[in-house]
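Everything on this sheet refers to the single structure shown next.
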Amino acid sequence: MKIKLVVVLCCVAIGVFGTVSKAFASLDRESRAQGNPTASAKDLYLSNCARCHGPDGRGQTPQGRKYNVPDLVVEAKDRGASKLARIITIGKEDMPAFGKKLTRRQIAALASYVRKL
């Protein structure tokens, strides 16, 4: 009986540790992307764009379908990095502007990343 209890408690502890670890990793990625000019372009994309455009850029998320966002895998290849940077900076239609939230370097990195999706 005691052994079963110990096993159950160990499994619960492992589950809690895994959940907390994932939460901290997500917070770390988001804080790096928001406040750190050296955040990777992927981190910037995941914390600023993926909610609507999806992690793969296809726009197949609840927010993406709601706002009818473009499939970036197709659309971004037809646009130059400077055009994408402009859209990211000033926004477009329902897409918010990120010019005050991200640095020019972050926006340029994000535009390059989006073109490679």
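Would you calculate the separation in nanometres between label points at R104 and R51, each defined as 7 Å from the Cα along the Cα-to-beta-carbon direction? It works out to 2.8 nm between the two label points. When peptides 43-49, 87-93 are sorted by average Cβ neighbour count within 10 Å, with the highest value leading, the order is 43-49, 87-93.
With 19 Å as the limit on Cα-Cα distance, the pairs of K66/K101; K83/K116; K66/K92; K77/K101 that go past it are K66/K101; K77/K101.
Inter-label distance, R58 to I90: 3.2 nm, where each label sits 7 Å from its Cα along the C-beta direction.
Values in this text are rule-based calculations from the coordinates and carry no lab data. Just so we're clear, the structure is a prediction, and the values are computed from it rather than from any experiment. We place every Cβ from the backbone using ideal geometry, glycine too, and count neighbours over all the protein chains shown.
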